[in-house]
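In what follows, a structure is listed as structure tokens, so that the remarks can point back to it.
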């Protein structure tokens, strides 16, 4: 996505990203995030993770987040 003079346009570049990860803070109730997780799970180009914590994964589950980020970086 790029922005010029307040206008946003989708470029399609996200589809060219080979490895994508979606981390869901599962204890944080949010239907929109649940829909995004379901969509990511349905797309084989995404790796999904559900972490049993609140919205601040880096605060609530730093060790698990580190594991996920290291795995995603492989």
>> Can you say whether residue 21 is at negative phi and under 11 Å from the mean Cα position of the chain (by Cα), as far as the supplied structure shows?
In response: yes
> Where residues in the stretch 59-70 are surrounded by 12 or more Cβ atoms within 10 Å (Cβ to Cβ), without any contact (Cβ under 8 Å) to a residue 24 or more places away in the chain and part of a helix (DSSP H, G or I), which of them is nearest to the chain's Cα centre (by Cα)?
Replying inline: 69
> Of these, 55, 47, which one is in a loop (DSSP other than H, G, I, E, B) and surrounded by 12 or more Cβ atoms within 10 Å (Cβ to Cβ)?
Replying inline: 55
> Could you count how many residues in the stretch 3-29 are assigned to a loop (DSSP other than H, G, I, E, B), touching a strand residue (DSSP E or B) at 6+ places or on another chain (Cβ under 9 Å) and touching a residue at least 24 places away in the same chain (Cβ under 8 Å)?
Replying inline: 3
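Each value in this text was obtained by applying a stated rule to the coordinates, not by laboratory testing. On a predicted model such as this, the values are computed, not experimentally measured, just so you know. Because the Cβ atoms are built from the backbone with ideal geometry, glycine has one as well, and the counts that use them run over all protein chains shown.
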